[in-house]
Amino acid sequence: MSPKSVDYANLLRTQYIPHIWCPGCGHGIILKAVLRAVERLGLDKNKIAFVSGIGCSSRAVGYVDFNTLHTTHGRALAFATGVKVARPDLHVIVVSGDGDALAIGGNHFIHACRRNIDMTLIVFNNYIYGMTGGQYSPTTPEGSFASTAPFGSVEPPFDVCNLAIAAGATYVARGTAYSTAQLDKYVEKGIQNPGFSVIEALSQCPTYYGRKNKLRTPVDNLKWQKDVVVSAAKAKDMTPDQLAGKIQVGELHHGTRPEFIRTYQTIIQRAKDAALAE
Amino acid sequence: MKIKEVRFVSGNEACAIGAIAAGCTFFGGYPISPSSEIAEFLAELLPANDGRFIQMEDEIAAMGSIIGASLAGAKVMTATSGPGFSLKQENLGFACMAEVPCVIVNVMRGGPSTGAPTSPAQADILQSRWGTHGDHPIIVTCPTTVQEIFLEVIRAFNLAERFRNPVLYLLDEINAHMREKIEIPEASELELIRRPAPPQAENWGFPYRRNAEGVPLMPDFGTGHRCHVTGLDHGETGFPTGNAEIRQALHHALMAKIDKNAASIYKNDLFMVEDAETLIIAFGSTARSARRAVELLRKQGRKVGLFRPITLYPIPEADILKAAEGKRKIVVPEMNLGQYVLEIRRILGHDIPIAQVNRTDGEPITPDQIMAAV
Amino acid sequence: MVERYEIRLSGSGGQGLVLAGVILAEAAAIHDNMYAVQSQSYGPEARGGASKSEVIIGSEPISYPKATSPDLLLALNQESFNKYAPSVQAGGLIVVDSDYVVDELKGNYRLIGLPMTDLARTQIGREMVVNILCLGVIQELTGTVSREALERAVMHRVPRGTENINMKAFALGIETARKHKQEHPNG
């Protein structure tokens, strides 16, 4: 479907635009993919809770015309869990950055996966803490430069998707700001998945990550995304040597496990039966 | 009052039963002594009463979950103790700023750090008032008997809802674990308050526009309004603002909401205060020791009385001044090294001698200790 | 009924003394219509360690909930006897398990030793019911709480399926104490 048919103005709080993101930032591209998914799925705006933490990506919630909640740093999934458990009929979508979701919010990330609670998390991964001035994050590639890694990061990064799969998320996909058609599909399928979905969206931060890592212009960054990725389907036939330095994109996991809200519904029934029996 | 049921229960169980009676439909918790029984009872009681219980991955998440659930319309509670209360502070500040009704039970134990997990203390009085960063409004209540734990938790929910503000509910290891008889009133006897509703059924664009009490008319999520909630400084619309005037007005409005309505939040219990020459000011479990001391001293013909604040914050300054008027001596026992006494000294000044009785060895303050100080 | 009667039940963790205290206090508060408070101190261990359960019963509302000088002390082992006997009220009563409390301190109290743990083990066949057996002993010796009230509270509080053996243990406690009174008419 052509993006032109999407009525973005209906989904945005246009009075709060222009947004605060830097020129060339990938976050707006990813947000539009989310809006297209919402439109295509025909979701009722009143029935969407859009939840974020702190950081550049987290400002996305202010611009969309849903029930929106801008929480504390790292805690979006914890707040969102409360929203979902109290109002299971709401579609809960959480947006988070790499630092927000994987560092300060790492514990909530793995436990939301483990619970397999019916929510969708979109990680805007730009490899850096943008809002605080370009410090290295848990996804910053080893050797990359950041304001707190002036000699290159010495820490190995997390693979967001492998972490999500290992922790129990039932839909896990990775896309890029470069390839929006793919990303649209992943977000849409993530929202449809009756369980916890994680979509890692590679974003670009020309202001900090790019400037410190020889990717000065937005175009340089997008080209890097285009060149570094390999589809998961293709990767199956590649040797470890061929895969070195590559990032796999695609639907990396789609499984089924009991979902928290539905399982808890059976607990409610059992508790009521037990109370009646007394 | 029509009584539905008489039971013999612990303070923690009374707290859980009271929460259900208050209309609590969501509890997010994390295990910590000596509060864990509250979570255990609610894990059983909530699903049978159309509520939901979740054990979160940590204390911070527990606090976050109740804020989310409250914004989605539930009456919410969590329970913790000292170390967990420290961890909750940032999100507690969010709840103050975003004006999210919630009840946080703190079954106090000693500290700092792990302290003494299974011994009583009243160590978090000042942390309750000033634990989170920034100036913020807060309500702190502190019951004494098991019956009162049941009744006051209902009041805590009502205050949280009425003012859209966190209410901190302070128990301690003694009254949380001791068992007494409670009388549970018929549901029809209980007045339950729900948060103020927005003035229109949908598309209300001013979630932080205030009613006459200064409380925002916020809609719940999923009710057709699509509001924005943030911990950033914001205006009536709920959206962040850099406007200095709006930001200043917000901070004043947050404080005024509690300060201007304080008279309806105060609650004190006075025992033989009128003719007393010496006044004991005590709260929580320590007030039981103090009351015993008064009983025993009165038998000896000594004129001693007890002022027991049930609402610790906002602090009932005028009531304390009035109770202390004409007294020769004030005695403030508390299971810490002197916290609430700082407020008492501030209020009463230096003209009247104030004696402290403090203990942090994990044992309760005894009536004997208080009698010696009188 | 006195204004305030303090009871301390002591022994090791796992002997069910907290439950015994709860039953005693519930019997007084719910079924005998008196005021009662039960409290306990506990350590980090789930089993073993020292255990103490306290009950205050009175005709008036109870302010201070802890026992300061108990009118009645139950001590099921030597350690708790040594620790708590000195705090017993002058003229108070101490009931000990005569198999486990062998060194008796002199003091201004009445001391009664009965082989309660052994009776539970040999007569009822379950050592775990010693706590309820002790309640029978206490009922018969002090009369602080009525037999009917205690029986109702025991039935309400013991685990389902154990009502019969617990009621047998309770009756045996009463019988044992009665026999002791007959054999020692002067205490």
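Yes or no, residue by residue, for (1) buried (at least 16 other Cβ atoms within 10 Å of the Cβ); (2) closer than 23 Å to C:TYR64 by Cβ:
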{"residue": "B:ALA282", "(1), (2)": "yes, yes"}
{"residue": "B:GLU295", "(1), (2)": "yes, yes"}
{"residue": "B:GLY305", "(1), (2)": "yes, yes"}
{"residue": "B:GLU343", "(1), (2)": "yes, no"}
{"residue": "B:PRO353", "(1), (2)": "no, no"}
{"residue": "B:THR366", "(1), (2)": "yes, yes"}
The stretch B:1-19: number of residues that are surrounded by fewer than 23 Cβ atoms within 10 Å (Cβ to Cβ) and within 19 Å of B:CYS102 (Cα to Cα): 1
Segments classed as strands (runs of 3 or more DSSP E), wholly inside the stretch B:1-55, with at least 2 members that are within 12 Å of chain A (Cβ to nearest Cβ): B:26-29, B:52-55
Output for the stretch A:123-138, where each listed residue is more than 14 Å from every other protein chain (Cβ to nearest Cβ) and surrounded by fewer than 24 Cβ atoms within 10 Å (Cβ to Cβ): A:THR132, A:GLY133, A:GLY134, A:GLN135, A:PRO138
Which listed residue is assigned to a loop (DSSP other than H, G, I, E, B) and either buried (at least 18 other Cβ atoms within 10 Å of the Cβ) or touching a Ser or Thr at 6+ places or on another chain (Cβ under 8 Å) (or both), from B:ARG195, B:ARG247: B:ARG195
Residue count for the stretch B:159-189, restricted to those that are under 24 Å from B:CYS96 (Cα atoms), part of a helix (DSSP H, G or I) and in contact with a helix residue (DSSP H, G or I) (Cβ under 7 Å, 6 or more places away or on another chain): 1
Helices (runs of 4 or more DSSP H) wholly inside the stretch A:195-278 containing at least 1 residues that are within 14 Å of chain B (Cβ to nearest Cβ): A:260-277
Selection count where residues are in contact with a strand residue (DSSP E or B) (Cβ under 8 Å, 6 or more places away or on another chain), more than 8 Å from chain A (Cβ to nearest Cβ) and polar (S, T, N, Q), scope the stretch B:60-95: 3
Residue check, A:THR120 at pLDDT 95 or above, within 7 Å of chain B (Cβ to nearest Cβ), open to solvent by less than 10 Å² (accessible area, probe 1.4 Å) and more than 28 Å from A:PHE145 (Cβ to Cβ): no
Condition check for A:LYS272: open to solvent by 30 Å² or more (accessible area, probe 1.4 Å), in contact with a Ser or Thr (Cβ under 8 Å, 6 or more places away or on another chain) and over 25 Å from A:PRO138 (Cα atoms): no
From the options A:GLY26, A:GLY74, A:GLY53, A:GLY62, residue that is of a type outside the set (Val, Ile, Thr) and over 26 Å from B:VAL76 (Cα atoms): A:GLY26
Hey, B:VAL167 within 14 Å of another protein chain (Cβ to nearest Cβ) and either within 26 Å of B:PRO364 (Cα to Cα) or in contact (Cβ under 8 Å) with a residue 24 or more places away in the chain (or both) or not: no
Where A:ASP98 falls short, out of the listed (1) more than 20 Å from A:LYS32 (Cβ to Cβ); (2) open to solvent by less than 10 Å² (accessible area, probe 1.4 Å); (3) more than 8 Å from every other protein chain (Cβ to nearest Cβ): (1)
Counted residues, the stretch A:190-209 - those being over 11 Å from the mean Cα position of the chain (by Cα) and over 16 Å from A:VAL92 (Cβ atoms): 6
Within the stretch C:1-90, strands (runs of 3 or more DSSP E) holding 3 or more residues that are closer than 22 Å to B:LYS181 by Cβ: C:5-12, C:35-41, C:50-58
Breaking point among (1) aliphatic (A, V, I, L, M); (2) in a loop (DSSP other than H, G, I, E, B); (3) not assigned by TED's automatic domain parsing to the domain that holds B:TYR340, for B:ALA253: (2)
Residue in the stretch B:354-368 that is away from chain C (no Cβ under 14 Å) and over 28 Å from C:SER69 (Cα atoms) present: yes
Matching residues, the stretch A:1-43, being surrounded by fewer than 18 Cβ atoms within 10 Å (Cβ to Cβ), more than 21 Å from B:THR237 (Cα to Cα) and among the aromatic types (Phe, Trp, Tyr): A:TYR8
C:SER51 vs. criteria among the polar types (S, T, N, Q), within 14 Å of chain B (Cβ to nearest Cβ), without any contact (Cβ under 8 Å) to a residue 60 or more places away in the chain and on the phi < 0 side of the Ramachandran plot: yes
Qualifying residue in the stretch A:140-160 (condition: buried (at least 24 other Cβ atoms within 10 Å of the Cβ) and part of a helix (DSSP H, G or I)): yes
The stretch B:81-117 - residue that is among the β-branched types (Val, Ile, Thr) and touching a Ser or Thr at 6+ places or on another chain (Cβ under 6 Å) and, of those, surrounded by the most Cβ atoms within 10 Å (Cβ to Cβ): B:VAL107
Pairs, first in contact (Cβ under 8 Å) with a residue 60 or more places away in the chain and more than 10 Å from A:VAL198 (Cα to Cα) in the stretch A:164-186, second in a loop (DSSP other than H, G, I, E, B) and open to solvent by 10 Å² or more (accessible area, probe 1.4 Å), C-beta under 7 Å, six or more apart: A:GLY168/A:ARG257
Residues that are open to solvent by 20 Å² or more (accessible area, probe 1.4 Å) and under 18 Å from the mean Cα position of the chain (by Cα), drawn from the stretch A:44-62: A:ILE54, A:CYS56, A:ARG59
Qualifying positions in the stretch A:15-43 - in a loop (DSSP other than H, G, I, E, B) and more than 15 Å from the chain's Cα centre (by Cα): A:ILE17, A:PRO18, A:HIS19, A:ILE20, A:TRP21, A:CYS22, A:PRO23, A:GLY24, A:CYS25, A:GLY42, A:LEU43
Filter pass, C:ALA36 being crowded, with 24+ Cβ neighbours inside 10 Å, within 14 Å of chain B (Cβ to nearest Cβ) and under 13 Å from the mean Cα position of the chain (by Cα): no
Qualifying residue in the stretch B:318-336 (condition: open to solvent by 70 Å² or more (accessible area, probe 1.4 Å) and closer than 20 Å to C:SER63 by Cα): no
Those residues of the stretch B:209-244 which are open to solvent by 10 Å² or more (accessible area, probe 1.4 Å), in contact (Cβ under 8 Å) with a residue 24 or more places away in the chain and under 24 Å from the mean Cα position of the chain (by Cα), in sequence order: B:ARG210, B:GLU213, B:GLY214, B:ASP220, B:GLY231
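The values are calculated or read from the model by the stated rules, or taken from the named source; none is laboratory data. No experiment lies behind these values; they were computed from the predicted model shown. Cβ sites come from the backbone with ideal geometry, for glycine too, and all protein chains shown count toward neighbours. Note: areas computed on protein heavy atoms with side chains; ligands, DNA, RNA excluded. Shrake-Rupley method; radii C 1.70, N 1.55, O 1.52, S 1.80 Å.
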